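A short write-up of the structure that comes next.
Throughout, read-outs are computed from the coordinates displayed, never taken from laboratory work. Keep in mind it's a predicted model, so treat the numbers as computed, not measured. With ideal geometry, Cβ positions are generated from the backbone for all residues, glycine too; neighbour counts draw on all protein chains shown.
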Amino acid sequence: MLIEPDYNELLKKMNSKYRLCVVSAKRAMQIIENYAAAREGKQMVHPSPMIDFTGRTPLHMALEEIFKGYIKGKVETKEEKVEPEAAAEVEAEKLRKEIEEIFSSKSEEDSEE
């Protein structure tokens, strides 16, 4: 029986029960594939577990990774979906603001000296 992490908290991280099930199952399979590769002396194909995995099943590790936010599973809704060009413009605007902040802080430091 799954007590930790809490099922309701897991559902808040995902859009639906179905998505939680699919994402956690896929991640558990990745962990199993990594163990199989390690036994055969091959390089791991997927990222290794991001939590302490002592005595835990692959599914429990996957659920805990989702709970801690290492694995994102939310799907954008139509309202949240942004066109690639618009996303690039937003990113460029963020970079412009960061550059302005850097230069304004440097000019303030220079004026103090």
Checklist outcome for this item: Heads up, region 12-67 by the C-alpha gyration tensor (a ≥ b ≥ c square roots of eigenvalues; a/c under 1.5 rounded, else a/b over b/c prolate, else oblate) looks prolate
Next on the checklist: Can you order the peptides 12-22, 54-64 by their average number of other Cβ atoms within 10 Å per residue, highest first?
Outcome noted: 54-64, 12-22
